[in-house]
Amino acid sequence: MIARVSVTLKPSILDPQGKTIHQALESLGFKGVTRVRMGKLIEIELKHGSKAAAKRDVERMCRKLLANPIVETYRIDLAS
Amino acid sequence: MKFGVVVFPGSNCDQDCVQVLRDVLGQEVVPLWHQDSSLRGCECVVLPGGFSYGDYLRTGAIAKLSPVMKSVAAFAKDGGLVIGICNGFQILLEAGLLPGAMLRNTSLRFICRYVNLRVERTDTPFTNRFQAGQVVRMPIAHNEGNYIVDAAGLKRITAQGQALFRYCDADGQVTNTANPNGSLEAIAGLCNEAGNVLGMMPHPERASEPALGSADGRGVFESLLSAVAYR
């Protein structure tokens with residue numbers, strides 16, 4: 001099983017990288033962009049048999065290490 | 001006084017700290033390897049600047065898990081003196097020994113230059129050799145020094161007077177233009193509620209000899225010597 005964890009800054013936190021990318025996209029002529037948030041993607045391969053157990057563990061990984069809850073949020077996508 | 005300077009893979013200011021403490025101030029200094037748990041009886045732990053573990057994941061995020069940091073956390077809890085400089089500050093935040101977190105500088109640039117700092121309090125082990133409101137010069141060199149904490153955290157920090165250094169102009173005024181990295185309330189140095197743990201982005205060890213352009217940083221280390229001598 002593979003867990004894809006995307007970590008981004010919380011919506012309340014200013015993201016200058018996202019803002020800069022947004023401006024660059026507009027300078028290329030892409031007019032429909034309303035917001036860009038920059039983050040990181042962490043792929044984790046797991047031995048877990050059940051999705052529920054995998055989800056539980058990856059949640060704990062996020063809280064303990066992968067994301068800093070003070071400034072970041074995370075999303076977990078599981079695929080077999 | 002016996003200082004311990006922690007060495008993580010990627011630390012690069014550890015020898016500067018050793019040099020100032022041993023050669024300039026004549027104190028005993030022992031290196032503390034990140035994989036060792038023993039603090040070797042030191043009276044103050046220094047977490048130096050650098051790029052511990054290559055800044056992988058987030059600055060300080062991996063260092064907080066090292067064996068030595070478990071000992072540092074226990075030492076701090078018992079009232080032991082801990083100073084984290086630059087990356088050391090970032091590690092203290094990640095380890096939860098200080099409140100808040102670091103974001104990238106608002107300019108998205110690595111900033112390496114002298115800054116002016118206003119000393120906010122002098123009744124601490126880290127600042128007792130300064131005057132209240134004194135403006136001191138020290139260099140900063142970082143990419144992630146944009147301090148942030150939630151509203152409740154800021155309220156506590158303010159109520160407890162935990163900000164010991166703020167970025168300011170040459171006259172001691174805290175202004176937006178004098179803030180190099182966007183740090184909340186221009187916080188450059190922050191201590192814990194108990195007052196025995198300090199994190200600061202500026203480098204006092206790079207400003208402890210007049211030949212280096214400023215000796216203001218010496219005051220931080222001399223304050224520690226006084227604090228221990230009068231304990």
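The values are calculated or read from the model by the stated rules, or taken from the named source; none is laboratory data. Fair warning: this is a prediction, and the values are worked out from it, not measured in the lab. Because the Cβ atoms are built from the backbone with ideal geometry, glycine has one as well, and the counts that use them run over all protein chains shown.
Filter the stretch A:1-46 down to the residues that are loosely packed, with under 13 Cβ neighbours inside 10 Å, within 14 Å of another protein chain (Cβ to nearest Cβ) and charged (D, E, K, R) and list them by number.
Hit for the stretch A:1-46 is A:E43, nothing else.
Taking the condition within 14 Å of another protein chain (Cβ to nearest Cβ) and modelled with pLDDT of 95 or more, does B:G54 pass?
Numbers: within 14 Å of another protein chain (Cβ to nearest Cβ): no; modelled with pLDDT of 95 or more: yes.
Judged against the criteria, B:G54 is not a match.
Testing B:T59 on (1) in a loop (DSSP other than H, G, I, E, B); (2) β-branched (V, I, T); (3) more than 14 Å from every other protein chain (Cβ to nearest Cβ), one condition comes back false. Which one is that?
Only one criterion in (1) in a loop (DSSP other than H, G, I, E, B); (2) β-branched (V, I, T); (3) more than 14 Å from every other protein chain (Cβ to nearest Cβ) is unmet by B:T59, namely (3).
Could you list, in sequence order, the residues of the stretch B:5-56 that are of a type in the set (D, E, K, R), assigned to a helix (DSSP H, G or I) and either over 30 Å from A:V7 (Cβ atoms) or free of Cβ contacts under 8 Å to residues at least 40 places away in the same chain (or both)?
Our first condition is that a residue be of a type in the set (D, E, K, R); within the stretch B:5-56, this holds for B:14, B:16, B:22-23, B:28, B:36, B:40, B:43, B:55.
Right, trim to assigned to a helix (DSSP H, G or I) and you get B:14, B:16, B:22-23, B:55.
Across the stretch B:5-56, the qualifying residues are B:D14, B:D16, B:R22, B:D23.
One line per residue, one yes/no per condition, for (1) in contact with a strand residue (DSSP E or B) (Cβ under 8 Å, 6 or more places away or on another chain); (2) acidic (D, E):
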| residue | (1), (2) |
| --- | --- |
| A:R4 | yes, no |
| A:P16 | no, no |
| A:E26 | no, yes |
| A:G32 | no, no |
| A:M38 | yes, no |
| A:L41 | yes, no |
| A:S50 | no, no |
| A:A53 | no, no |
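Look at B:E94 and say whether it is within 19 Å of B:N146 (Cα to Cα) and acidic (D, E). Before you say what the answer is, go through the steps one by one.
Values: within 19 Å of B:N146 (Cα to Cα): yes; acidic (D, E): yes.
Taking the combined requirement at face value, the residue satisfies it.
Any idea how many residues of the stretch A:47-80 are within 12 Å of chain B (Cβ to nearest Cβ), assigned to a helix (DSSP H, G or I) and in contact (Cβ under 8 Å) with a residue 40 or more places away in the chain?
Here the count works out to 3.
Pick out the one residue from B:V149, B:V220 that is more than 15 Å from the chain's Cα centre (by Cα) and crowded, with 20+ Cβ neighbours inside 10 Å. Break it down stepwise before answering.
Working: B:V220 fails: more than 15 Å from the chain's Cα centre (by Cα).
Among B:V149, B:V220, only B:V149 is more than 15 Å from the chain's Cα centre (by Cα) and crowded, with 20+ Cβ neighbours inside 10 Å.
Counting just the residues of the stretch B:8-50 that are among the aliphatic types (A, V, I, L, M), buried (at least 19 other Cβ atoms within 10 Å of the Cβ) and in contact with a strand residue (DSSP E or B) (Cβ under 7 Å, 6 or more places away or on another chain), which one comes out farthest from B:R206 (Cα to Cα)?
Of the residues in the stretch B:8-50, the ones among the aliphatic types (A, V, I, L, M) are B:18, B:20-21, B:24-25, B:29-30, B:32, B:39, B:45-47.
Then drop every residue that is not buried (at least 19 other Cβ atoms within 10 Å of the Cβ), which leaves B:18, B:20-21, B:29, B:32, B:39, B:45-47.
Subsequent filtering for residues that are in contact with a strand residue (DSSP E or B) (Cβ under 7 Å, 6 or more places away or on another chain) retains B:18, B:21, B:29, B:32, B:39, B:45-47.
On the way: B:V18: 11, B:L21: 12, B:V29: 17, B:L32: 20, B:L39: 24, B:V45: 18, B:V46: 14, B:L47: 14 Å.
It comes out as B:L39.
Any residue at all in the stretch B:74-91 that's assigned to a loop (DSSP other than H, G, I, E, B) and within 14 Å of another protein chain (Cβ to nearest Cβ)?
As a first pass, look at the stretch B:74-91 and keep what is assigned to a loop (DSSP other than H, G, I, E, B): B:78-80, B:86.
Among the residues that remain, those that are also within 14 Å of another protein chain (Cβ to nearest Cβ) are: none.
No, the stretch B:74-91 contains no residue that is assigned to a loop (DSSP other than H, G, I, E, B) and within 14 Å of another protein chain (Cβ to nearest Cβ).
Quick check on my filter: what residues within the stretch B:189-219 are within 14 Å of B:C13 (Cβ to Cβ) and part of a helix (DSSP H, G or I)?
B:P204, B:E205, B:R206, B:L212
All but one of (1) under 20 Å from B:P139 (Cβ atoms); (2) of a type in the set (S, T, N, Q); (3) touching a Ser or Thr at 6+ places or on another chain (Cβ under 9 Å); (4) surrounded by fewer than 22 Cβ atoms within 10 Å (Cβ to Cβ) hold for B:S107; state the number of the condition that does not hold.
Condition (3) is where B:S107 drops out.
Considering each residue of the stretch B:94-103, count those that are within 9 Å of chain A (Cβ to nearest Cβ) and over 17 Å from B:A186 (Cβ atoms), and give that number.
Applying the first criterion (within 9 Å of chain A (Cβ to nearest Cβ)) to the stretch B:94-103 yields B:94, B:99-103.
This time we only want the ones that are over 17 Å from B:A186 (Cβ atoms), so: B:94.
Residues that pass the stated criteria total 1.
Could you tell me which residue of the stretch B:123-134 is farthest from the other protein chains (Cβ to nearest Cβ), considering only residues that are surrounded by 17 or more Cβ atoms within 10 Å (Cβ to Cβ) and more than 15 Å from B:G199 (Cβ to Cβ)? Walk me through it before giving the result.
Going through the stretch B:123-134, the residues surrounded by 17 or more Cβ atoms within 10 Å (Cβ to Cβ) turn out to be B:124-130.
Next cut, more than 15 Å from B:G199 (Cβ to Cβ) only: B:128-130.
Values: B:N128: 30, B:R129: 32, B:F130: 30 Å.
Filtering the stretch B:123-134 for residues that are surrounded by 17 or more Cβ atoms within 10 Å (Cβ to Cβ) and more than 15 Å from B:G199 (Cβ to Cβ), the one farthest from the other protein chains (Cβ to nearest Cβ) comes out as B:R129.
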